[in-house]
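The values are calculated or read from the model by the stated rules, or taken from the named source; none is laboratory data. Since we're looking at a predicted model, the values are computed, not measured. Ideal geometry is used to build each Cβ from the backbone, glycine not excepted, and the neighbour counts take in all protein chains shown.
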Amino acid sequence: MKDRNLRALLRILWNSFIIQVKGVAISDYYIATILLQPVIFTIISIGTYIVGKRPDLGLFAITGTGLISIWNGNLFTSSEIIRDERRSGTLSLILATPTPLIVILLGKSFANALASVVAMGMTFLTGIVAFQLPIGIADPVGFIAGLALIVLSITCLGLIFGSLFILTRNAGEFVSVANFPVYILSGLSIPLTILPLWTRPLSELLTPTWGNLILNEAAAPSGASMLPNYLWVLGLSLVYLVIAWVLYRRIEYLALKAGTLEQF
Amino acid sequence: MRASLRLFWSGARASWSEYLVELTPTVFLGFRIPRTILQSLFFVLLAKAAGGDGLARFALIGNGIQIAVFMVMLSMEVVIESEKWNDTFQYLIAAPARWFPIMLGKSMSSYGDALLASVVSFAVLIPLLNLPIPLVSLVRAIPIILLIVASASALGWTIGAFSLPIRYGYMICNWFAYAMMIFAGVNVPLASLPPAVQFIGNLLPVTHGLLAVRAIINGASYRSVLPQVGLELLVGLAYAAAAWLMFGHRLRVTRQRGTFEIT
């Protein structure tokens, strides 16, 4: 019985993933976002570092911008998924099915996060083409493994927001606010050392902070051990999943109790 | 003239009503204002990390104005595009009234919103980052900031008018507004950019106005920045003319063919 449940769960995850991949593949808006945004942000970031006579931070700016694009894509699409289901009139139907909406959201969000990895490639390409930066990744295997883990972790973080988006029609507005604090607090393109010390605990709670450290270490090793950073990413992913699940159950309860999603 | 003023007033009232519906206090205080501050803060911190307080001050002036430019460009594109999505485009064609006063009126709340964004951005970030930008010199720059916002709005209108038959006007305008940060010398001095980027920047709104604003804030006289102000005005008028002609063309074509969609 349990085996059958697991197979059903995986099938749902897979189908959600595939349907989202198909949606992404024909979405001009999404494709333009993952292709154009990294280019613009990379040019601004590296350009600013070069003018500030800190070209040594070029690679740091590139990985940071790549993570910005991955986070942005994930957050943006988490809101889009819920909004599209709401506008299609299918959100209530999905919420009423025995399959938890969060499972569908997980499959779809992962598809988006995976697609947004293209953005990381775009940032490197921009650095090479526009600034002729000598970019080499010292540990490509470590970089790819780290990137895969971060994509998964960012998907888990996105699930928390995705659950909250069920309760609001202002998800678009929320997304426009929620991305910049993460860029700043996670030190994406900006060294954490310029932030006040009191922000450090907040930074530690965000998985892009640790992901950024992992990617930078893989790109240009300093000899520091990355094990604690990997453990942070894994631990935070689990915490995000638990928060998202508890939050989702509460929201599901509120929606079922109200008997409608129209009031949210 | 009176009819035009009435149309303008009618458009402005519609614009204000829509603004109040969309921006509830929760959305305004919880989302719009924080977004304004955080976007500018990110780019100013980037400049601080790259070049210390000097470059951070430079970026703060640029981003404090860019946030208004960003918002006004998007809003102006929406003013044009919303005629399509609200199914009111055909009324603009059919009505004997002139379209320009009403469209200008419909843009009014966006101007207010953009200027408010700029004020909030400066009011919060100058004390937060403790950067030396005297209030008096900032006040002296207000007329030029208004000119910049007006010329950027002309670019937003132009993009809206050109992209009316397609569905990606907002997206195009969004990326254009971000790209302005590169070409207009918002984060870094224009002179430090490659010649090709400078050439494009000189053809865009904001670039010349921003140079004038920086000079005024650094203590220059109005007379000394007149050439830059003149260029900003010229560029703004050129985009306004392009928007006027293109939107008029869209109306004419739609009247002739019965559709504005590209077939």
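Listing for the model above:
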quantity	calculated
Qualifying position, being closer than 23 Å to residue B:188 by Cα and β-branched (Val, Ile, Thr), among B:93, B:67, B:102	B:67
Residue within region B:174-192 that is farther than 20 Å from residue B:71 by Cβ and in contact with a Ser or Thr (Cβ under 6 Å, 6 or more places away or on another chain) present	yes
Total residues in region A:130-169, condition assigned to a loop (DSSP other than H, G, I, E, B), crowded, with 16+ Cβ neighbours inside 10 Å and within 14 Å of chain B (Cβ to nearest Cβ)	1
Residues of region B:222-249 that turn out to be in a helix (DSSP H, G or I), of a type outside the set (A, V, I, L, M, F, W, C) and surrounded by fewer than 16 Cβ atoms within 10 Å (Cβ to Cβ), as a count	6
Hey, residue A:213 buried (at least 20 other Cβ atoms within 10 Å of the Cβ), modelled with pLDDT under 95 and out of contact with any Asp or Glu (no Cβ under 8 Å at 6 or more places or on another chain) or not	yes
Members of region B:1-41 that are over 22 Å from residue B:79 (Cα atoms) and either among the charged types (D, E, K, R) or within 20 Å of the chain's Cα centre (by Cα) (or both)	B:2, B:34, B:37, B:38, B:39, B:40, B:41
Qualifying positions in region B:155-180 - surrounded by fewer than 23 Cβ atoms within 10 Å (Cβ to Cβ) and more than 14 Å from chain A (Cβ to nearest Cβ)	B:162, B:165
Scope region A:70-80; condition more than 8 Å from the chain's Cα centre (by Cα) and either of a type in the set (Ser, Thr, Tyr) or modelled with pLDDT of 80 or more (or both); matching residues	A:77, A:78, A:79
The one condition in (1) closer than 28 Å to residue A:83 by Cβ; (2) in a loop (DSSP other than H, G, I, E, B); (3) among the small types (Gly, Ala, Ser) that residue A:224 fails to fulfil	(1)
Every residue from region A:53-67 that is within 13 Å of residue A:124 (Cα to Cα) and either more than 9 Å from chain B (Cβ to nearest Cβ) or hydroxyl-bearing (Ser, Thr, Tyr) (or both)	A:58, A:59, A:60, A:62, A:63, A:64, A:65, A:66, A:67
Subset of region A:30-61 that is touching a Phe, Trp or Tyr at 6+ places or on another chain (Cβ under 7 Å) and over 23 Å from residue B:40 (Cβ atoms) - its residue that is surrounded by the fewest Cβ atoms within 10 Å (Cβ to Cβ)	A:55
Selection within region A:194-209 - outside any loop (DSSP other than H, G, I, E, B) and either touching a Gly at 6+ places or on another chain (Cβ under 8 Å) or under 19 Å from residue A:233 (Cα atoms) (or both)	A:199, A:200, A:201, A:202, A:203, A:204, A:207, A:208, A:209
Residues located in region A:14-34, provided they are part of a helix (DSSP H, G or I) and of a type in the set (Gly, Ala, Ser)	A:16, A:23, A:25, A:32
Selected residue [at negative phi, part of a helix (DSSP H, G or I) and within 14 Å of chain A (Cβ to nearest Cβ)] from B:196, B:152, B:123	B:196
Within region A:170-225, tally of residues that are of a type in the set (S, T, N, Q) and free of Cβ contacts under 8 Å to residues at least 40 places away in the same chain	8
Every residue from region A:24-38 that is more than 18 Å from the chain's Cα centre (by Cα) and in contact (Cβ under 8 Å) with a residue 12 or more places away in the chain	none
Region A:174-193, residues that are of a type in the set (Ser, Thr, Tyr), facing chain B (nearest Cβ under 7 Å) and assigned to a loop (DSSP other than H, G, I, E, B)	A:189
Helices (runs of 4 or more DSSP H) contained in region B:1-114 and holding at least 2 residues within 11 Å of another protein chain (Cβ to nearest Cβ) and surrounded by fewer than 20 Cβ atoms within 10 Å (Cβ to Cβ)	B:33-85
Selection from region B:193-221 of residues that are surrounded by 14 or more Cβ atoms within 10 Å (Cβ to Cβ) and either of a type outside the set (A, V, I, L, M) or touching a strand residue (DSSP E or B) at 6+ places or on another chain (Cβ under 6 Å) (or both)	B:198, B:201, B:202, B:205, B:207, B:208, B:209, B:214
